[in-house]
Amino acid sequence: FLMGRCKMDRSNIDKISQDPEDRLLLAKIWDKIQNGMRRNIPAATGFLSPREQEMAKYLFGQQAELMFFGGYPEAERKSLIYLPDYLEEDFLTSEDSPLVCVAGSFYAGDCLTHRDILGSLIGAGVQRQAIGDIAVGDGCFFVFVTAQMAPFILQNLTQAGSVHLSLRQVPLDNLSLPQAKTREIRDTLASLRLDGVVSAGFSIGRSQAAQHIAAGRVAVDGQPWEKPDKQVAEGAKISLRGMGKICLKAVNGQTKKGRISVVIDRYI
C-alpha cells in the first residue's frame with residue numbers, strides 16, 4: 001500500500017487513540033518513521049494489525065515515501081516503511097529488507113497449526129509486533145518476522161510443543177506459500193448479520209458473538225467493525241481476536257423455512 005501526500009501532525013495521536021496502549025504504539029511508530037525521514041534512511045515499524053494500519057494512515061496522512069509491506073502481496077499484518085527516494089521498491093524483497101521470511105520443516109506425520117507456531121514464538125520471548133503472517137502446510141510453515149529478530153528465531157526456535165523443527169531463511173522474491181488449511185462449516189442463518197455469521201463460524205453463541213464485536217475484537221476484510229448488524233457479503237473474511245479467522249465462502253439461497261444456507265471456511 002503506497003500513500004500519497006498530505007501534512008503529518010503528531011498531535012493527531014491523542015485524537016486517534018482509544019486507550020493508552022494506542023497512544024504508546026502510535027508514539028513509537030511516529031518516532032521510528034520520523035527518525036528515518038530526518039536522516040533520510042530506510043525505517044520500518046514492527047508488524048501492524050489491520051486496525052493499527054488504519055490508525056497509522058490517519059496519523060501520517062498521505063505520504064509518497066511511506067508504504068505498508070508484509071513480505072508478500074496478500075499479507076494481513078504489515079510493517080509501515082519509510083523508503084527514501086534513492087531506493088527502489090525492490091529493496092523491500094532484497095537481502096537488506098527490514099523483513100525476513102523464515103521457513104520451518106517438521107515431520108509430516110505431526111500436525112501443527114498457526115496457533116502452535118505463534119504460541120511457540122511468543123513462548124520463546126519474541127514480541128507480537130516482530131511477527132507477521134504465518135502460513136502452515138503439511139510438514140512445513142513460513143513465518144514473516146523483522147530482520148532484527150530473525151537470527152534469534154533461527155537459533156532458538158527448535159520445537160513447537162513436542163514437534164521438532166528445522167529452520168532456514170528464504171528469499172522474499174521467490175516465495176511459494178502453502179495453501180491455507182480450512183474446515184468447512186455448513187449452516188443456515190436467519191440473516192447475514194455479522195453476529196450470526198461469527199456465531200456460526202466460530203461455534204459460539206450469538207450473544208457472545210455480539211459482545212466480541214462490540215468490544216472491537218472482530219474485523220471484516222481487515223477492517224475493525226463494532227456493529228453486530230453489519231451485513232456480511234459472500235467472500236468476506238472475518239477475524240476474531242484470539243480465535244482465528246473464517247471466510248463466508250458461499251451464500252446458497254433460502255431454505256424452505258426461509259433461512260439462508262451458507263458455507264463457511266474456518267482457517268485451522
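The values are calculated or read from the model by the stated rules, or taken from the named source; none is laboratory data. None of the values given here were measured: they were computed from a predicted structure. Don't worry about glycine lacking a Cβ; one is built from the backbone with ideal geometry, like all the others, and counts go over all protein chains shown. Note: areas computed on protein heavy atoms with side chains; ligands, DNA, RNA excluded. Shrake-Rupley method; radii C 1.70, N 1.55, O 1.52, S 1.80 Å.
Annotations for the structure displayed:
- For the stretch 86-102 and the stretch 22-41, distance of Cα centres in Å: 19
- Portion, in percent, of the accessible area of the chain that falls on carbon or sulfur, probe 1.4 Å: 48
- Over the C-alpha trace of the stretch 124-174, radius of gyration and Dmax come out as 11.0, 32 angstrom.
- Under 14 Å from K227, Cα to Cα: aspartates and glutamates that are on another chain or at least 8 residues apart: D195
- In the chain, the longest principal axis of the Cα atoms and the axis of helix 114-123 are about 40 degrees apart.
- Note that the chain presents 53 Å² accessible area per residue, ligands and nucleic acids not counted, probe 1.4 Å.
- Extreme residue, positive dipole direction of the stretch 218-268, given options G244, Q254, V220 (C-beta unit charges): Q254
- Correct option for P(r) over Cα pairs in 10 Å bins from 0, in percent [calculated from the coordinates] among [x] 6, 26, 30, 25, 10, 1, 0; [y] 6, 23, 24, 17, 10, 6, 4, 4, 3, 2, 1, 1, 0, 0; [z] 7, 30, 36, 21, 5, 1: [x]
- Above-threshold pairs, the threshold being 27 Å between Cα atoms, out of K78/K181; K57/K237; K181/K257; K57/K249; K28/K230: K181/K257; K57/K249; K28/K230
- Helix axis angle, 20-39 relative to the chain longest principal axis, alpha carbon, degrees: 40
- M243 accessible area, 1.4 Å probe, all protein chains in place, Å² to nearest 10: 50
- Qualifying GluC sites (Glu not before Pro) in the stretch 69-116, where qualification requires a DSSP coil assignment and no more than 11 other C-beta atoms within 10 Å, comprise E74, E88, E95.
- Ellipticity estimate at 222 nm from DSSP helix runs (n ≥ 4, -39,500 (n - 2.57)) divided over the chain, nearest 500: -8000 deg cm²/dmol
- Point-charge dipole on Cβ atoms (K/R +1, D/E -1) for the chain, about Cα centre, debye to 20: 1060
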